[in-house]
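Visitor: Before I ask anything, here is the structure I am working with.
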Amino acid sequence: TAEAFDRIEALDGEVGAFLALNKEAATAQAAEMDQVPFEERGPLFGLPIGVKDNIVTEGLETTCASKILEGFNPIYDATVVQKLRAAGMVTVGKVNMDEFAMGSANENSSIKPVHNPWNFNHVPGGSSGGSAAAVAAGEVPFTLGSDTGGSIRQPAAYCGVVGMKPTYGRVSRFGLVAFASSLDQVGPITRNVRDNALLLEAISGVDANDSTSANVEVPNFAEQLTGDIKGLKVAVPKEYLAEGVSEGVRAQVQAAIDKLKELGATVDEVSLPHSKYALAAYYILSSSEASSNLSRFDGIRYGFRAEADNLEDLYLQTRAQGFGDEVKRRIMLGTYSLSAGTYDAYYKKAQQVRTLIKQDFDEVFKNYDVIVGPTTPTTAFKLGENLEDPMTVYANDILTVPINLAGVPAISIPCGFDADLPVGLQIIGNYFAEGTIYRVADAFE
Ligand code: GLN
């Protein structure tokens, strides 16, 4: 814990990964834990972790990197935070993100941008940019992120670390500030696959406080890291290596696929024919849910409150001054999609497309164990490069959003470099088959 704070102090001025630090409480907790006998310590005992700032932490400021939550000190811990503590982990602080998890570059943080530790002129990805950069810079070995449409996997790919989006329902969302409730999942970001498997096991499980959490057994994932993938059936969707994927990314991913063959897996090309509609469906559905979820930020209950003469003005002024541009854009898009006159053409249509996308995955998983492809079409872009162009940034999510729409799990692991920036390999599994994903991921290490 002390080492983590030293690293943060030395590096974070340039990286920008951390928001609130939990120094006093974490140091006290660590000192107390030094007294615990060795035989009572589990595999994650005493290890420092950073928690994304949309996961509530009792008494530790939680802002979602938004002005509207400035000064908000939650009165309880999210279920995942309680589970970290039960595993003996020490929360050293809250990590930076795109405001309310909306973005792919961490440039929508209302507090400060995050810099990619591999090259400070590039973005770390988003929205869990702080989570990925903190691990890549060696500030902490573990972080939690959240993934609604790629926000764990895309920054993990850009920063050359391991990030897992679990099956929808695997991990409790209680205490995760909701962006799009039917898509959101909390997941681990780590330096290697084994750490990731251990952390996912620690945070998983059914929770009486989240009715969408699944009552399924939580396996010992680390036990499944046998290194043996002989006979495993791997599918490569042709849509995931289509135009838009850069030459450098394609070459590294192809090399990873060849490696799988070498290790004894069989590899076939398949099709996920509705992939081309995923981006449009995702932005309609996620914005619709966000417009509803974010109505709770009214200036009365949490954080920032604007000066105003009357109640209505207080709501209007708080939201006008408290939310950033991207969040407002999503609220407007979502409110529009849900309106009586446009609901059938947008929201309902997008739900129908979502079902088709889920069926695409079901079809492939009838015959294959995992689906493999790139996590992102390119490596990390430059800070500021796409600031005026939200559509280009949205397009970056094309390979990650279908997974959330279907609800299946997927990991991003590092697979080489293109011009000195990391490339991510995405491994997608069937529902609750995270163990199989980890087994394949581990075969590369
Ligand atoms: N980039 C996507 C978005 O902006 C994904 C965000 C996420 O997964 N939280 O909505």
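Visitor: Starting from the Cα of residue 267, step 7 Å along the direction of its Cβ; do the same at residue 343; then give the gap between the two resulting points in nm.
Guide: Calculated label separation equals 4.7 nm.
Visitor: Averaging sequence separations of C-alpha pairs under 8 Å and six or more residues apart, then dividing by the length of the chain, give the relative contact order as a whole percent.
Guide: Relative contact order here is 19 percent.
Visitor: Using 1/(1 + (r/R0)^6) with R0 = 45 angstrom and r between the beta carbons of residue 24 and residue 292, what's the FRET efficiency to the nearest 0.05?
Guide: 0.75
Visitor: A further question on this structure: Using each residue's phi in the stretch 144-158, evaluate 6.51 cos²θ - 1.76 cosθ + 1.60 at θ = phi - 60° and report the 3J(HN,Hα) Karplus result to the nearest Hz, with x for Gly and Pro.
Guide: Result, ordered by residue: 9, x, 9, 9, 9, x, x, 5, 9, 6, 5, x, 4, 5, 5 Hz.
Visitor: Restricted to Cα positions, what overall size does the chain have along the principal axes? Three whole-Å values, descending.
Guide: Cα spread of the chain along its principal axes, largest to smallest: 69, 64, 44 Å.
Visitor: Shifting gears a bit: Using the Karplus curve 6.51 cos²θ - 1.76 cosθ + 1.60 with θ = phi - 60°, work out ³J(HN,Hα) for each residue of the stretch 369-377 in order, rounded to whole Hz, and write x for Gly and Pro.
Guide: 7, 9, 10, 10, x, x, 7, 9, x
Visitor: Assuming a ≥ b ≥ c are the square roots of the Cα gyration tensor eigenvalues, decide whether the stretch 69-186 counts as rounded (a/c under 1.5), prolate (otherwise, with a/b larger than b/c) or oblate.
Guide: Rounded shape, in that the Cα axes give a/c under 1.5.
Visitor: Per residue, how much accessible surface does the stretch 324-445 expose to a 1.4 Å probe? Answer in Å², no decimals.
Guide: In whole numbers, the stretch 324-445 has 41 Å² accessible per residue.
Visitor: What dipole magnitude, in Debye to the nearest 20, does the chain give about its Cα centre under +1 on Lys/Arg Cβ and -1 on Asp/Glu Cβ?
Guide: Charge dipole of the chain: 880 debye, to the nearest 20.
Visitor: Between residue 417 and residue 70, what is the label-to-label distance in nm when each label sits 7 Å out along the Cα-to-Cβ direction?
Guide: 4.1 nm
Visitor: Place a point 7 Å from the Cα of residue 301 along the Cα-to-Cβ direction; which residues of the stretch 330-346 have their backbone N under 20 Å from it?
Guide: Residues 330-332, 334-335 fall inside that zone.
Visitor: Could you tell me the center-to-center distance, by alpha carbons, between the stretch 80-97 and the stretch 19-73 in angstrom?
Guide: So the two Cα centres are separated by 5 Å.
Visitor: First compute the accessible area of the stretch 239-352 with a 1.4 Å probe, then give the percent of it belonging to carbon and sulfur atoms.
Guide: Carbon with sulfur: 51 percent of the solvent-accessible area.
Visitor: Per residue, how much accessible surface does the stretch 71-230 expose to a 1.4 Å probe? Answer in Å², no decimals.
Guide: Heavy-atom accessible area per residue stands at 28 Å².
Visitor: What are the ³J(HN,Hα) couplings of the stretch 89-100, residue after residue, when phi is run through the Karplus curve with 6.51, -1.76, 1.60 and θ = phi - 60°? Round to Hz, x for glycine and proline.
Guide: Computed from phi, the couplings for the stretch 89-100 are 7, 10, 6, 8, x, 9, 9, 5, 6, 6, 3, 6 Hz.
Visitor: Next question. Determine the sum of side-chain charges near residue 77: Lys and Arg each +1, Asp and Glu each -1, restricted to other residues whose C-beta is under 10 angstrom from that of residue 77.
Guide: Every neighbour counted, the sum reads +1.
Visitor: In units of 2.2 N^0.38 Å, what is the alpha-carbon radius of gyration of the stretch 275-415?
Guide: That ratio works out to 1.29.
Visitor: For residue 23, list the lysines whose Cα falls under 19 Å from its own Cα; do not include residues on the same chain fewer than 8 positions away.
Guide: 52, 94
Visitor: Still on this structure, I have one more. Taking the Cβ of residue 273 as the centre, find all other residues whose Cβ is under 12 Å away and add up their charges (Lys, Arg: +1; Asp, Glu: -1).
Guide: -1
Visitor: Can you tally the net charge around residue 46? Count Lys and Arg as +1, Asp and Glu as -1, for every other residue whose Cβ sits under 15 Å from the Cβ of residue 46.
Guide: Result for the neighbourhood of residue 46: -4.
Visitor: Just report the Cα centroid separation between the stretch 134-152 and the stretch 188-267, whole Å.
Guide: The distance from the Cα centre of the stretch 134-152 to that of the stretch 188-267 comes to 16 Å.
Visitor: Can you send over the carbon and sulfur percentage of the accessible area for the stretch 363-445, probe radius 1.4 Å, protein chains only?
Guide: The nonpolar share, carbon plus sulfur, comes to 51 percent.
Visitor: Less than 19 Å apart at the alpha-carbon level, and either on another chain or at least 8 residues along: which lysines does that give for residue 348?
Guide: Within reach: 276, 358.
Visitor: Something else about it: Which listed residue (188, 427, 359) has the Cα farthest towards the positive end of the charge dipole for the chain, taking +1 on Lys and Arg C-beta and -1 on Asp and Glu C-beta about the Cα centre?
Guide: 359
Visitor: Just in the stretch 41-118: which trypsin sites (Lys or Arg not before Pro) are loop by DSSP and have at most 16 other Cβ atoms within 10 Å?
Guide: Taking the stretch 41-118 and a limit of 16 other Cβ atoms within 10 Å, the loop trypsin sites (Lys or Arg not before Pro) found are 41.
Visitor: Right, next: Non-local amide H neighbours of residue 19 (under 5 Å, H modeled in plane, Pro and chain starts lacking H): which ones?
Guide: Counting only residues 5 or more places away or on other chains, the set is 94, 95, 96.
Visitor: Let me ask something else. Cα to Cα, under 27 Å, and not fewer than 8 places away if on the same chain: which lysines meet these conditions relative to residue 259?
Guide: 165, 230, 233, 238, 366
Visitor: Here is a further query. Three principal axis extents, largest first, for the C-alpha atoms of the stretch 25-66, in Å?
Guide: The Cα atoms of the stretch 25-66 stretch 42, 20, 12 Å along the principal axes, largest first.
The values are calculated or read from the model by the stated rules, or taken from the named source; none is laboratory data. Given the structure is predicted, the values throughout are model-derived calculations rather than measurements. Virtual Cβ from ideal backbone geometry, glycine too; neighbours counted across all protein chains shown. With ligands, DNA and RNA removed, areas are computed over all heavy atoms of the protein, side chains included. Shrake-Rupley method; radii C 1.70, N 1.55, O 1.52, S 1.80 Å.
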